[in-house]
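The values are calculated or read from the model by the stated rules, or taken from the named source; none is laboratory data. This structure is a prediction, so every number in the text was calculated from the model and none was measured. Glycine also receives a Cβ, built like all others from the backbone with ideal geometry; neighbour counts cover every protein chain displayed. Ligands, DNA and RNA are stripped out before the accessible areas are found, and what is left, the full protein with its side chains, is counted by its heavy atoms. Shrake-Rupley method; radii C 1.70, N 1.55, O 1.52, S 1.80 Å.
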Amino acid sequence: MSFSNAHHQATEIRFNDDEEEESSNLDDSIVATDKSIAVDDVSMHDPDVSFVDGCDDDKTSADYYFDSYSHFGIHEEMLKDAVRTKTYQNVIYQNNFLFKDKVVLDVGAGTGILSLFCAKAGAAHVYAVECSHMANMAKEIVESNGFSNVITVLKGKIEEIELPVAKVDIIISEWMGYFLLFENMLNSVLYTRDKWLVNDGIVLPDKTSLYLTAIEDAEYKEDKIEFWNNVYGFDMTCIKKQAMGEPLVDTVDQNQIVTNCQLLKTMDISKMVSGDTSFTAPFKLVAERDDYIHALVAYFDVSFTKCHKLMGFSTVSQGNNWKEITTVPFHELAHVMGPRSRATHWKQTVLYLEDVLTICQGEALSGSMTVAPNKKNPRDIDIMIKYSLNGRRCVASRTQHFKMR
């Protein structure tokens with residue numbers, strides 16, 4: 001999943017009129033003046049996360065997350081994401097030995113499509129949990145397709161409902177958001193795992209990896225960021241600052257990529273704890289040609305390692321030929337990615353840099369990325385990037401803060 005009200009409206013999501021000050025889980029920005037910065041791989045403390053009570057009454061900003069999934073349009077776009085949906089279907093149908101006579105828990109079931117796949121693959125029973133009003137539609141869909149005796153739809157938050165069984169054999173969920181972690185649904189999956197999964201149970205998917213690369217993007221940055229410097233003769237740079245701090249979700253062409261791609265973080269969903277979603281990871285991006293760097297770009301892979309053969313997908317598409325420049329884990333999945341000629345609805349996440357970096361082939365942009373849920377709304381993400389370049393034609397060092405909301 002990766003839609004909220006703001007993010008569902010359009011691809012260009014950097015500009016948000018809400019100027020309310022929100023607390024950050026990261027330190028205040030400090031602009032470094034040295035030629036280089038120290039990279040510390042130190043994990044952040046787990047932020048205080050609290051979920052609001054009830055799905056319908058006394059709504060807070062966190063509750064609007066669930067409301068956004070009540071509209072069929074969001075589910076239509078996710079279902080039509082063939083990379084996403086077909087991969088789940090293939091995982092289930094081609095590995096029905098995992099599901100035969102098993103009890104399955106579908107977390108964030110939406111329309112119930114994954115539950116239907118599991119029921120058709122021979123599951124003994126499937127509990128489909130959905131907090132939004134789409135749960136009502138899911139019940140009708142289950143009944144219409146003749147699976148009422150196999151699938152039970154439960155409306156509510158997974159942290160608050162009670163299942164009619166003590167344990168389940170399999171937990172399946174499509175929890176991934178933009179930048180992998182946006183919307184913080186992963187913590188709900190981990191809660192579910194700890195409370196309901198049998199000792200030798202399976203979580204699907206069970207592995208995810210987040211990657212980073214750097215791109216040249218002068219034309220788009222000029223149009224969307226520098227635009228605010230002079231708007232019909234007026235200075236609107238106050239908006240530029242806000243625009244710079246909000247990551248852009250969009251599809252990046254492989255010709256824009258200037259450096260190698262580097263693995264930032266791998267998560268084992270079957271073993272990790274909720275605090276692992278807050279982390280600091282170092283990076284070193286080496287230029288493959290002489291060019292300029294305007295932004296960093298993040299994308300992720302998802303894998304199902306419990307299958308008979310390794311299966312999974314990536315948020316970079318074959319049509320863009322990203323596989324030619326990605327790292328080894330992505331190559332290992334390349335032969336089982338499925339219909340990867342289309343981009344996914346997750347696209348990639350672009351983080352524009354304040355500096356335009358002139359980089360020569362072989363030079364390295366080094367730094368670290370710190371990621372944590374926002375303190376005020378843990379479904380938002382705070383991102384801090386420290387970077388430095390000590391090159392022949394450019395020396396720069398800076399810290400930038402981003403908020404994904």
Simple SL model, points at 7 angstrom along Cα→Cβ for residue 310 and residue 96; separation in nm is 2.7 nm
Add +1 for every Lys or Arg and -1 for every Asp or Glu among the other residues with Cβ under 13 Å from the Cβ of residue 201, and state the total. +2
Under 15 Å from the Cβ of residue 192, count the other residues' Cβ atoms, weight Lys and Arg +1, Asp and Glu -1, and hand me the total. -4
With a 1.4 Å probe and all protein chains kept in place, how do 232, 93, 352 rank by accessible area, largest first? 232, 93, 352
Potential extension, residue 376-residue 194 segment - 0.36 nm per residue separation minus Cα distance: 63.0 nm
Among 273, 225, 209, which residue has its Cα positioned farthest towards the positive end of the charge dipole of the range 207-404, with +1 placed on the Cβ of Lys and Arg, -1 on the Cβ of Asp and Glu, and the dipole taken about the Cα centre? 273
Cβ under 14 Å from residue 359's Cβ, residue 359 left aside: what net charge do those residues give with Lys, Arg +1 and Asp, Glu -1? -3
Starting from 0 in steps of 5 Å, tell me what percent of the Cα-Cα pairs of the range 207-404 lands in each bin. 1, 7, 15, 18, 19, 17, 12, 6, 3, 1, 0, 0, 0
On the formula 1/(1 + (r/R0)^6), with r taken between the Cβ atoms of residue 237 and residue 288 and R0 of 45 Å, the FRET efficiency rounded to 0.05 is 0.85
Hey, can you find the accessible area per residue of the range 114-157 for me, probe 1.4 Å, expressed in square angstrom? 39 Å²
From highest to lowest solvent-accessible area (probe 1.4 Å; ligands, DNA and RNA excluded), 238, 131 read 238, 131
What number, in nm² with one decimal, is the all-direction average of the projected area of the convex hull of the alpha-carbon atoms of the range 184-318? 11.4 nm²
Report, to the nearest whole %, how much of the accessible area of the range 207-404 belongs to carbon and sulfur atoms, 1.4 Å probe, protein only. 48 percent
